[in-house]
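The values are calculated or read from the model by the stated rules, or taken from the named source; none is laboratory data. Nothing here was measured: the structure is a model prediction, and the numbers come from that model. Cβ placement follows ideal geometry from the backbone for every residue including glycine, while neighbour counts extend to all protein chains displayed.
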Amino acid sequence: MIIVLKKHTTREQIDGILELIKAQGLKPLYMPGTEKVVLGALGDERKLAGLQLENLPFVEKVVPILTPYKLASRDLYPTETVLTVGEEAVGTPNFTVIAGPCSVENEEQIMTTAEFVSSLGIKFLRGGAFKPRSSPYAFQGLGVEGLKLLAAASKQYQLNIVTEVMSPDEVEVVAQHAHILQIGARNMYNIRLLEAVGATQKPVLLKRGMSATIEDLLMSAEYVLDRGNRNVILCERGIRTFENAYRNTLDITAVPVLKQKTHLPVIVDPSHAAGYREFVVPLAKAALVSGADGIIVETHPDPAQALSDGRQSLYFKQLTTLMRQLRNLASIEGKILP
Ligand code: PEP
Ligand code: MN
């Protein structure tokens, strides 16, 4: 529920309402604006209805938030969230490019990639150290050793690190080395993990589950936001459909729909959506034009030798072309891609 107060409402009156909200076992929110003060009450709205706040002389209006997600909703926060990660801004109108291998494999591979990515002006390096593989027999990642290699690459090339965290007990160690904690598609519904990353202040890149609805994704984001971490980036990475000519179906419609429903930055992963590198470049460009705030894309110095997702990893040359094309599109679309 949103409570809009009239101009000149006193601090005492505001505190009085916040106390009332708390006394009902609801979560109060205080959102001072330049013009007016807006308050929020999260929880069972029936409890609040009984208070009839609209009858107070300094209350302008009381508006219910009709969506099941609240903190993620544009109803509550109409202005775009822009996150600060290191020296970079993530969120509209910035277009953020995150690039790197699927997995961290060894020092040479990650350093070579970091050097190349940074030479293109990219500020974010991806790479999985803890890998959620579909098969228990596939490469599972280097673990903490991989995190250390990422940290070294970050230091040498001034890159912000994006890497996946798979379980609540690994949040601390991953957060020590990463700038953005990635929650993978397979873990989008892992409530304990969402709560654990929500208890940190680290930016979280939340990927859409392969069969998750847009509302499911926003409800998962809500768990992180509700724990006090407001630094959430959403990621559309393709969903499962009947189509099997490619790995997943990029739900490009999700981008403008999410942008309408939420103030959180929305990025696209064209690599896991496509599964084949030849489709990654067009999907990445579609992402920018559809209104996404960035992409996360896989690249590898030698894709044929990659230990995971080589078939969808771009050759460096392809990434160079993609960056040039994205910069052109960004200038047409009014996005910032330095
Ligand atoms: C990844 O980014 O390497 C990954 C495993 O992605 P997803 O969780 O989207 O499958
Ligand atoms: Mn991958």
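Just give me the residues in the range 210-222 being in contact with a Gly (Cβ under 9 Å, 6 or more places away or on another chain) and not aliphatic (A, V, I, L, M), in sequence order.
Within the range 210-222, ASP216, SER220 qualify.
Of all residues in the range 210-242 being basic (Lys, Arg) and in contact with a helix residue (DSSP H, G or I) (Cβ under 8 Å, 6 or more places away or on another chain), which is farthest from ASN187 (Cα to Cα)?
The residue in question is ARG227.
If I filter the range 326-338 down to residues being outside any helix (DSSP H, G or I) and not β-branched (Val, Ile, Thr), which single residue comes out as nearest to ligand 2 (Cβ to nearest atom)?
LEU337
Only residues that are in contact with a helix residue (DSSP H, G or I) (Cβ under 8 Å, 6 or more places away or on another chain) and assigned to a loop (DSSP other than H, G, I, E, B): list them for the range 123-153, please.
Matches in the range 123-153: GLY127, ALA129, PHE130, PRO132, LEU142.
Please state which one of ILE233, ILE252 is over 17 Å from SER73 (Cβ atoms) and in contact (Cβ under 8 Å) with a residue 24 or more places away in the chain.
The conditions single out ILE252.
Name every residue in the range 297-325 that is in a helix (DSSP H, G or I), away from ligand 1 (no atom under 15 Å from the Cβ) and surrounded by fewer than 22 Cβ atoms within 10 Å (Cβ to Cβ), in order of residue number.
Across the range 297-325, the qualifying residues are ALA304, GLN305, PHE316, LYS317, GLN318, THR320, THR321, MET323, ARG324, GLN325.
Could you tell me which of the residues ALA196, ALA245, ALA221, ALA284 is among the small types (Gly, Ala, Ser), outside any loop (DSSP other than H, G, I, E, B), within 28 Å of LEU329 (Cα to Cα) and at pLDDT 95 or above?
The match here is ALA284.
Among (1) assigned to a helix (DSSP H, G or I); (2) in contact with a helix residue (DSSP H, G or I) (Cβ under 8 Å, 6 or more places away or on another chain); (3) surrounded by 20 or more Cβ atoms within 10 Å (Cβ to Cβ), where does ILE267 come up short?
Result: ILE267 passes all but (1).
So which residues in the range 93-122 are buried (at least 21 other Cβ atoms within 10 Å of the Cβ), more than 14 Å from ligand 2 (Cβ to nearest atom) and in a loop (DSSP other than H, G, I, E, B), if there are any at all?
PHE95, ILE122
If you scan the range 152-175, which residues turn out to be closer than 14 Å to LEU125 by Cβ and surrounded by fewer than 16 Cβ atoms within 10 Å (Cβ to Cβ)?
ALA152, LYS155, GLN156, GLN158
Would you pick out the residues in the range 12-46 that are in a helix (DSSP H, G or I) and under 14 Å from LYS70 (Cα atoms)?
If the condition is that a residue be in a helix (DSSP H, G or I) and under 14 Å from LYS70 (Cα atoms), then GLU45 is the only one that fits.
Would you check if VAL38 is aliphatic (A, V, I, L, M), surrounded by 15 or more Cβ atoms within 10 Å (Cβ to Cβ) and within 20 Å of VAL204 (Cβ to Cβ)?
It is false that VAL38 is aliphatic (A, V, I, L, M), surrounded by 15 or more Cβ atoms within 10 Å (Cβ to Cβ) and within 20 Å of VAL204 (Cβ to Cβ).
Quick check on the range 251-296: of everything there that is more than 15 Å from the chain's Cα centre (by Cα) and within 18 Å of LEU125 (Cβ to Cβ), which residue is nearest to ligand 1 (Cβ to nearest atom)?
HIS272
Collect the residues in the range 115-148 that are more than 16 Å from ligand 1 (Cβ to nearest atom) and without any contact (Cβ under 8 Å) to a residue 60 or more places away in the chain, keeping them in residue-number order.
Of everything in the range 115-148, those that are more than 16 Å from ligand 1 (Cβ to nearest atom) and without any contact (Cβ under 8 Å) to a residue 60 or more places away in the chain turn out to be GLU115, SER118, SER119, LYS123, TYR137, VAL144, GLU145, LYS148.
Would you check if there is a residue in the range 18-30 being in contact (Cβ under 8 Å) with a residue 40 or more places away in the chain, closer than 30 Å to ASN160 by Cβ and either buried (at least 18 other Cβ atoms within 10 Å of the Cβ) or not charged (D, E, K, R) (or both)?
Taking every residue of the range 18-30 in turn, at least one turns out to be in contact (Cβ under 8 Å) with a residue 40 or more places away in the chain, closer than 30 Å to ASN160 by Cβ and either buried (at least 18 other Cβ atoms within 10 Å of the Cβ) or not charged (D, E, K, R) (or both).
Each row is one residue, and each column tells you yes or no for (1) of a type in the set (A, V, I, L, M, F, W, C); (2) touching a helix residue (DSSP H, G or I) at 6+ places or on another chain (Cβ under 7 Å); (3) closer than 22 Å to LYS131 by Cα.
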| position | (1), (2), (3) |
| --- | --- |
| PRO256 | no, yes, no |
| GLY310 | no, yes, yes |
| TYR315 | no, yes, yes |
| LEU319 | yes, no, no |
